[in-house]
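The values are calculated or read from the model by the stated rules, or taken from the named source; none is laboratory data. Everything numeric here is computed off the predicted structure, so don't read it as measured data. Here the Cβ positions follow ideal geometry from the backbone for every residue, glycine too, while neighbour counts run over all protein chains shown. The accessibility values were calculated without ligands, DNA or RNA, using every heavy atom of the protein model including side chains. Shrake-Rupley method; radii C 1.70, N 1.55, O 1.52, S 1.80 Å.
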Amino acid sequence: MIESMIQYMLAGLTSGAIYALVGLGFSIIYNASHVINFAQGEFIVIGGISTVALLAAGVPLPLAIVLATLVTMLVGLALAKFAIQPARDADVVALIIITIGASIFLRGVVQLVFGKDIHSLPAFSGETPLNLMGATLMPQSLWVMGVSSALIVVIAWFFNATLAGKAMLATAYNALAARLMGVNTKWVLLSSFALSALLGAVGGIVVTPITFVSYESGIMLGLKGFSAAVLGGLGNGIGAVAGGLILGIVEALSAGYLSSAYKDAIAFIIILVVLVLRPNGLFGKKGIDRV
Amino acid sequence: MSLLKVTNLTKSFGGVSAIRDLSFSIEAGTIHSIIGPNGAGKTTLFNLITGVYTPSSGAVRFNDREIGGVEPHKLAELGMNRTFQNLQIFHNMSAVENVMVGAHLHLQKGLLQSLLRLPSLARSERQTRDHCWELMDFVGLAQYRHAEANAMSYGALKRLEIARALAAKPKLLLLDEPAAGLNDTETREVDEVIKRIAAQGITVVLVEHDMKMVMGISDHILVLDYGAKLAEGTPAEIRSNPDVIAAYLGTVG
Amino acid sequence: MNAILQRHRGLIILAALIALLPLALRNDYHYDVAINAGLNAIVVVGLNLLIGYAGQISLGHAAFFGLGAYASAILTSTYGWPVLGAMAMGTVIVGILAYVIARPILRLKGHYLAMATLGIGVIISIVLNTEAQVTGGPDGMSAAPFTILGYTFASEQSWYWLVGGSLLLAVWLASNLIDSPIGRALRALHGAEVGARVVGIDTTSYKVLIFVVSAMFASFAGSLFAHHTPTVTPSILGFTKSVEFVVMAVFGGMASTMGSVLGAVIMTLLPNALAAFEDFEPIILGGIMMGTMIFMPKGLVPTIAKKLRRKEAP
Ligand SMILES: Nc1ncnc2c1ncn2[C@@H]1O[C@H](COP(=O)(O)OP(=O)(O)OP(=O)(O)O)[C@@H](O)[C@H]1O
Ligand SMILES: [Mg+2]
């Protein structure tokens, strides 16, 4: 009884950690530009799949990881530069279409370059399961949770303690004022995409040994990340992380105790209930129309 | 009985009180002006009265009915309407359609009727359009009868909002700086329009920085400073009130 | 008479195009593409009322299309209902469901609304996928043939006229609605929501109303689709399909009914036209979506109309 509970929680935390990373990526970009980047899931795919390809080409794993992350960040930068920046003044619907278009475009490129197969990476520290109070845990899950936590801590430090991070936060709070104070908001936009791409790529790389990766695995991950960010309150980094973990755990518990077919549905029902009760997410601030 | 009665009204945003413990009342059939320096809370007061904001505490009664927290569209049904300092124009529509939106409350609007465009609806639409054109003439926008809203000047849009509010046939009309940004001729026209509105028996509440206009047309003036009442009275009383003079000299001079 | 011509100019042009198009349709495949374009156009004309006119997004409209399709399929083939009865029932059920959903979620704004509608779409799609006893699950199910008063629409030609007529009806209803007090209320709440509320428009109710109406348009098209397609499968109501509908609406032109029709037609033809470049299809599609929004954010028809107007009046 307790064992299965722990088992589900561990599974939930593992996928929750990935949702948290994707959600955090959504939040960072949203803060910098009020854009919801529906191509966020593609960062995960590009990170994971290019590591697979580099490894197959004989590049050692650590170097492959670094290179794949850089490739993904370049894609993120290109996206910001060529698709988002030219459309800065477009309205919400237009921006949603642009980023959905970008995700379809990137998915097409991945499919063209890597084909439609499902790819995998070997687990970083072997496949011998660990035993935790009667539940089993794959070492790779520890990698996922550990790397995600480390990244989240680094991101938190970046925004709270570095000048660049503070400039990005200032832009989120009031872009005009930030610009007047000498913050280069163009740079903020580009960095936010690079940073989100980095989160996505690393998340994608560590999770690929567990979930595998194919050209279309980004769709659901992107939606889950978006859900995590909305659940926590858009633009709220800690909210996104909490939202991601809640989502992962809810899914794992519903799959375990209720129905695995309905696990995604239950996750979305919970999000809807939260939004109806709190229209700006769990930790979002209430907006007011100023006239 | 007063048409509008505000008692101990307070509104705070975070820690800042934009309106504090304000009480006053407005008699039917008068022109009542509210003046005060920038940031005094005039627009916030309008937002509270018209239901755009909910009061932090205190009461607003309209026609002897408590209206704190009542939604704006319900207040419009009760006979309240307003214009905006920072325009709320429907830029995606033509000028006359903007005014026709103001007449919405009084129109037939069944879904089937509209989908099928039954003859009765077509007829009512034509009459509404004619009536709204007349309202545009009334506020001095005759030349804009066929214009698109996004092709009109700021001054014209301010008057378009007045026409839109009149189309709702209000009992109480709140005007937030109708003359801001207008030249002298336009200001005089707006001044005339307000007088004619009042002459029709509509109670007008006016927020305006143009002192000449305020002193000329008001029956009663309320002076706000930092969200609280500084003074109240007839134009003559306000002009000679030492607190008002001090405040205005202090901020302007 | 003149006034009527003026008012319905777009409708008349569309009717003429629909009447003439068969001259260019050479085989059943061509007809099939045209029919699907027409069905998509009906959905998009309705969706555009919500997105283009009222300014509210929905990333879940394929679910209403799918529910309409499944209602017709289940009621006609499992329960033997007559097709019109099933279609009416499906549309009413979808209307009620949309109403129940819309009341709470249309208070949300922007991305939160996008999330909520997306979630609803995903939930509905999972339910239809999972309840295989009723819906046939991933394999799908078929609806009975479309028979009215003893006449069965069997040939692609007969379907072409049926869908063409339905599209004209949808466009006529939508144009009437836009040019009515309700339509003005919708455009007003899009243009300046606070202004609309203060002059007496219950903006939440109107958002709900138009959400319901647009869901019913989708359901109606879905019902027709169910009778035309060999099998109704859950793929017609996923997130991707919802996005396609939004793209059609936005590509052709927001707040333009003719734009919606054009957007639906082009985006339906595109995958067929790109079939030769199969591998490049998503790249081209994604590129078009980004390019349109960057270079003509108002969409095709309004952008071209503006260019033409500028040329006329120098
Ligand atoms: N939605 C809001 N959120 C936070 N503060 C607000 C809000 N609305 C108004 N305020 C604050 O309330 C105070 C009063 O503002 P208000 O706009 O009512 O002044 P006003 O008298 O209309 O000024 P003006 O003459 O410049 O129009 C200001 O300090 C303003 O910043
Ligand atoms: Mg003001």
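Quick notes on this structure:
- Output for the stretch B:1-52, where each listed residue is away from ligand 2 (no atom under 16 Å from the Cβ) and within 14 Å of chain C (Cβ to nearest Cβ): B:51
- Meets criteria (more than 16 Å from ligand 2 (Cβ to nearest atom), in contact with a His (Cβ under 8 Å, 6 or more places away or on another chain), farther than 17 Å from residue B:155 by Cβ and without any contact (Cβ under 8 Å) to a residue 60 or more places away in the chain) for residue B:234: yes
- For the stretch B:163-192, filtered to residues that are β-branched (Val, Ile, Thr) and under 15 Å from residue B:214 (Cβ atoms), the residue that is surrounded by the fewest Cβ atoms within 10 Å (Cβ to Cβ) is B:187.
- All positions within the stretch B:1-31 that are open to solvent by less than 50 Å² (accessible area, probe 1.4 Å), of a type in the set (A, V, I, L, M, F, W, C) and under 18 Å from residue B:203 (Cβ atoms): B:3, B:4, B:6, B:24, B:26, B:31
- Qualifying residue in the stretch B:158-170 (condition: part of a loop (DSSP other than H, G, I, E, B), within 16 Å of ligand 1 (Cβ to nearest atom) and closer than 26 Å to residue B:62 by Cα): no
- The criterion of at least 1 residues that are modelled with pLDDT of 95 or more and more than 14 Å from chain B (Cβ to nearest Cβ) is met, among helices (runs of 4 or more DSSP H) falling completely within the stretch C:150-232, by C:156-178, C:203-228.
- Residue that is in contact (Cβ under 8 Å) with a residue 60 or more places away in the chain, away from ligand 1 (no atom under 12 Å from the Cβ), within 14 Å of residue B:165 (Cα to Cα) and in a strand (DSSP E or B), where the choices are B:98, B:81: B:81
- Of residues in the stretch C:282-297 being more than 7 Å from chain A (Cβ to nearest Cβ) and part of a helix (DSSP H, G or I), the one farthest from the chain's Cα centre (by Cα): C:295
- Residue match in the stretch C:118-132 (condition: touching a residue at least 40 places away in the same chain (Cβ under 8 Å), of a type in the set (A, V, I, L, M) and assigned to a loop (DSSP other than H, G, I, E, B)): no
- Condition check for residue C:172: within 30 Å of residue C:20 (Cα to Cα), free of Cβ contacts under 8 Å to residues at least 12 places away in the same chain and open to solvent by 10 Å² or more (accessible area, probe 1.4 Å): no
- Qualifying residue in the stretch C:94-112 (condition: over 22 Å from the mean Cα position of the chain (by Cα), in contact (Cβ under 8 Å) with a residue 40 or more places away in the chain and open to solvent by 50 Å² or more (accessible area, probe 1.4 Å)): yes
- Meets criteria (assigned to a loop (DSSP other than H, G, I, E, B) and either under 27 Å from residue B:182 (Cβ atoms) or open to solvent by 10 Å² or more (accessible area, probe 1.4 Å) (or both)) for residue B:127: no
- Residue check, residue C:203 within 13 Å of the chain's Cα centre (by Cα), surrounded by fewer than 24 Cβ atoms within 10 Å (Cβ to Cβ) and of a type in the set (Ser, Thr, Tyr): no
- All positions within the stretch B:171-183 that are among the charged types (D, E, K, R) and either within 16 Å of ligand 1 (Cβ to nearest atom) or modelled with pLDDT under 90 (or both): B:176, B:177
- Tabulated pairs, the stretch C:143-157, first in contact (Cβ under 8 Å) with a residue 12 or more places away in the chain and open to solvent by 50 Å² or more (accessible area, probe 1.4 Å), second of a type in the set (Gly, Ala, Ser) and not in a helix (DSSP H, G or I), C-beta under 9 angstrom, 6+ apart or interchain: C:145/C:154
- Residues of the stretch B:35-77 that turn out to be in a loop (DSSP other than H, G, I, E, B) and within 14 Å of ligand 1 (Cβ to nearest atom), as a count: 12
- So residue B:41, is it touching a residue at least 12 places away in the same chain (Cβ under 8 Å) and either open to solvent by less than 60 Å² (accessible area, probe 1.4 Å) or in contact with a Gly (Cβ under 6 Å, 6 or more places away or on another chain) (or both): yes
- Single match in A:22, A:35, A:45 (criterion: in contact (Cβ under 8 Å) with a residue 60 or more places away in the chain, more than 14 Å from the chain's Cα centre (by Cα) and surrounded by 24 or more Cβ atoms within 10 Å (Cβ to Cβ)): A:35
- Residue match in the stretch B:94-105 (condition: open to solvent by 60 Å² or more (accessible area, probe 1.4 Å) and either more than 16 Å from ligand 2 (Cβ to nearest atom) or touching an Asp or Glu at 6+ places or on another chain (Cβ under 7 Å) (or both)): no
- Qualifying residue in the stretch B:151-164 (condition: within 16 Å of ligand 2 (Cβ to nearest atom), within 12 Å of chain C (Cβ to nearest Cβ) and farther than 20 Å from residue C:185 by Cα): no
- Within the stretch A:262-284, the set of residues being within 21 Å of residue C:132 (Cβ to Cβ) and in contact with a Leu (Cβ under 7 Å, 6 or more places away or on another chain) comprises A:266 only.
- Residues of the stretch B:66-77 that are open to solvent by 40 Å² or more (accessible area, probe 1.4 Å) and either closer than 29 Å to residue B:148 by Cα or within 15 Å of the chain's Cα centre (by Cα) (or both): B:74, B:77.
- Qualifying residue in the stretch C:31-53 (condition: open to solvent by less than 40 Å² (accessible area, probe 1.4 Å), farther than 21 Å from residue B:116 by Cβ and of a type in the set (Ser, Thr, Tyr)): yes
- Count - residues of the stretch B:216-240 that are open to solvent by less than 40 Å² (accessible area, probe 1.4 Å), assigned to a loop (DSSP other than H, G, I, E, B) and away from ligand 1 (no atom under 15 Å from the Cβ): 1
- Selection of the stretch B:183-215 for residues being more than 25 Å from residue B:28 (Cβ to Cβ), away from ligand 2 (no atom under 16 Å from the Cβ) and in a loop (DSSP other than H, G, I, E, B) yields only B:183.
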